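Heads up: the structure comes next, in structure tokens.
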Amino acid sequence: MAVSIQTENQNVAETAARLTDKFGRAITDLRISITDRCNYKCVYCRDGEDGAIYADLPMDDYLRMARVMVGLGIEKLRITGGEPLLRKGVIEYVEQTSKLRTLSGKPVEVALTTNGHLLEKMAEPLKAAGLTRITVSMDAVNAEKFTRITRVPNAYEKVLAGIRAARKAGLDPVKVNCVLLRGFNDDQIEAFGSFAREEGVVVRFIEFMPLEEGRVWTKDTVVTLREIVERMNAFLPLREIEHARSETARRYVFADGIGEIGIIAPVSQPFCGHCSRIRITSDGKIRTCLFSQIDHDLHSVMRRGGSDHEMAAYIRNVVMKKEERHHIGEPGFQKPSRSMVHIGG
Ligand code: SAM
């Protein structure tokens with residue numbers, strides 16, 4: 001399969017220009033979930049009752065979907081889940097997708113988002129397979145609090161070892177994503193500042209979105225960008241770094257030059273106007289927005305025996321339906337039809 005990657009991409013690309021939605025946004029960023037299973041039950045994400053709901057597909061099917069998407073202009077591929085490191089074949093998947101070439105002939109950037117629990121042993125092989133970037137989710141830097149969040153004993157030690165192994169393997173900079181919930185782990189802000197400096201990682205705070213399995217989200221639970229900056233700045237002065245308008249994170253360094261943090265603020269400062277993302281769920285459905293009410297069944301096109309061209313035509317059509325923006329916090333907001341863990345964050 002790997003041998004024909006370039007040729008088939010060129011064929012798909014020849015038929016039309018790169019993927020663009022009806023608002024003129026170029027779609028260059030694909031997140032693909034390779035399993036619906038997760039070994040953590042983070043309180044703000046899972047209700048603790050449901051396990052996997054949706055099917056996992058053969059890895060070759062995810063490879064074909066990625067290849068066709070890259071042929072349409074995808075430049076960055078993020079492998080996610082569920083928990084992607086639970087999936088057998090993930091290292092081979094990194095190896096195969098990192099051989100894909102963008103429309104301009106550059107290697108596709110292959111990144112991965114993980115809870116880090118199994119990362120210690122897998123960091124080296126992932127890097128060797130061609131992984132360019134890794135993001136580890138971690139919502140406390142205190143072992144006891146971390147177990148209360150993940151509902152898994154000794155999780156903190158495991159994830160910390162995973163982060164260190166990723167740095168050692170040369171997956172630098174390791175990004176550590178933290179979702180803050182008011183009254184639950186917002187006491188961790190300053191500690192995460194120290195953690196970024198001491199561990200040499202980029203900590204990125206993400207505003208909590210209404211994407212959970214339960215009904216935890218209210219506007220008041222969201223710790224906003226403004227509040228995080230104020231708190232961190234009082235702890236240690238920050239300086240904002242210039243960032244591209246298309247970047248989702250606002251970036252800051254500590255004024256003494258040691259350590260970087262970022263803040264992703266989809267709730268208080270939405271960036272939908274620059275959204276370049278599309279997602280494929282573990283069961284092969286396209287989602288055009290985290291907050292979509294519907295899935296688009298790309299895998300059914302494959303099951304029917306559809307060609308790469310038919311898949312490409314289907315994808316183009318779906319991308320035209322990409323929502324202009326989300327409506328978090330507005331009257332009449334409807335929660336999306338899937339929670340984050342079943343979409344792929
Ligand atoms: N298991 C992997 C991990 O832990 O990174 C990948 C899947 S997980 C669903 C992806 C990311 O979504 C994690 O960083 C998690 O913190 C984030 N997430 C889950 N629910 C969220 C929510 N309601 N709002 C914001 N981020 C959320």
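Could you list, in sequence order, all residues of the stretch 309-345 that are part of a helix (DSSP H, G or I), open to solvent by 20 Å² or more (accessible area, probe 1.4 Å) and not basic (Lys, Arg)? Hits for the stretch 309-345 are His309, Glu310, Ala313, Tyr314, Asn317, Met340. Pairs are defined by a Cβ separation below 8 Å, a sequence spacing of at least 6 or placement on different chains, a first member in the stretch 117-130 that is of a type in the set (D, E, K, R), and a second member that is outside any helix (DSSP H, G or I) and open to solvent by 30 Å² or more (accessible area, probe 1.4 Å); the pairs so defined are Lys127/Gly170.
Of the helices (runs of 4 or more DSSP H) contained entirely in the stretch 133-199, those carrying at least 1 residues that are in contact with an Asp or Glu (Cβ under 6 Å, 6 or more places away or on another chain) and not basic (Lys, Arg) fall at 143-150, 155-168. Taking the stretch 241-268 as the search range and keeping residues that are acidic (Asp, Glu) and within 24 Å of Met209 (Cα to Cα), which one is least open to solvent (accessible area, probe 1.4 Å)? Per the criteria, the residue is Glu260. The residues of the stretch 9-38 that are at pLDDT below 95 and either in contact with a strand residue (DSSP E or B) (Cβ under 8 Å, 6 or more places away or on another chain) or not aliphatic (A, V, I, L, M) (or both), listed by number, are Asn9, Gln10, Asn11, Glu14, Thr15, Arg18.
When the residues of the stretch 200-210 are narrowed to those that are in a strand (DSSP E or B) and among the hydrophobic types (A, V, I, L, M, F, W, C), which ends up nearest to the ligand (Cβ to nearest atom)?
Restricting to residues being in a strand (DSSP E or B) and among the hydrophobic types (A, V, I, L, M, F, W, C), the top hit is Ile206.
When Arg197 is tested against (1) in contact with a strand residue (DSSP E or B) (Cβ under 7 Å, 6 or more places away or on another chain); (2) open to solvent by less than 10 Å² (accessible area, probe 1.4 Å); (3) within 18 Å of Met232 (Cβ to Cβ), exactly one condition is not met: (2). If we keep just the residues of the stretch 318-345 that are within 16 Å of the ligand (Cβ to nearest atom) and either closer than 18 Å to Gln269 by Cα or of a type in the set (Asp, Glu) (or both), which is modelled with the lowest pLDDT? Restricting to residues being within 16 Å of the ligand (Cβ to nearest atom) and either closer than 18 Å to Gln269 by Cα or of a type in the set (Asp, Glu) (or both), the top hit is Gly329.
Here Lys285 does not fit the description of being of a type in the set (Lys, Arg), open to solvent by 50 Å² or more (accessible area, probe 1.4 Å) and more than 14 Å from the ligand (Cβ to nearest atom). Every test in (1) surrounded by 14 or more Cβ atoms within 10 Å (Cβ to Cβ); (2) of a type in the set (Gly, Ala, Ser); (3) out of contact with any His (no Cβ under 6 Å at 6 or more places or on another chain) is passed by Ser300 save one, and that test is (1). Considering the stretch 88-101, the residues that are in contact with a strand residue (DSSP E or B) (Cβ under 9 Å, 6 or more places away or on another chain) and open to solvent by less than 40 Å² (accessible area, probe 1.4 Å) include one that is nearest to the ligand (Cβ to nearest atom), namely Val90.
Mind checking whether some residue in the stretch 61-73 is open to solvent by 10 Å² or more (accessible area, probe 1.4 Å) and part of a loop (DSSP other than H, G, I, E, B)?
no
Checked against the criterion of being touching a residue at least 60 places away in the same chain (Cβ under 8 Å), at positive phi and not in a strand (DSSP E or B), the candidates Gly105, Gly82 yield just one match: Gly82.
Yes or no: Leu85 surrounded by 23 or more Cβ atoms within 10 Å (Cβ to Cβ) and not aromatic (Phe, Trp, Tyr)? Yes; evaluated as a whole, the condition is true for this residue.
Looking across Gly130, Gly116, one residue alone is within 12 Å of the ligand (Cβ to nearest atom) and on the phi > 0 side of the Ramachandran plot. It is Gly116.
Just for the stretch 200-240: of the residues that are among the hydroxyl-bearing types (Ser, Thr, Tyr) and more than 21 Å from the chain's Cα centre (by Cα), which one is least open to solvent (accessible area, probe 1.4 Å)? Ranking the candidates gives Thr221 first.
The values are calculated or read from the model by the stated rules, or taken from the named source; none is laboratory data. All figures in this text were calculated on a predicted structure; none of them were measured in a lab. No Cβ is skipped: glycine too gets one built from the backbone with ideal geometry, and neighbour counts run over all protein chains shown. Heavy atoms of the whole protein, side chains included, go into the accessibility calculation; ligands, DNA and RNA do not. Shrake-Rupley method; radii C 1.70, N 1.55, O 1.52, S 1.80 Å.
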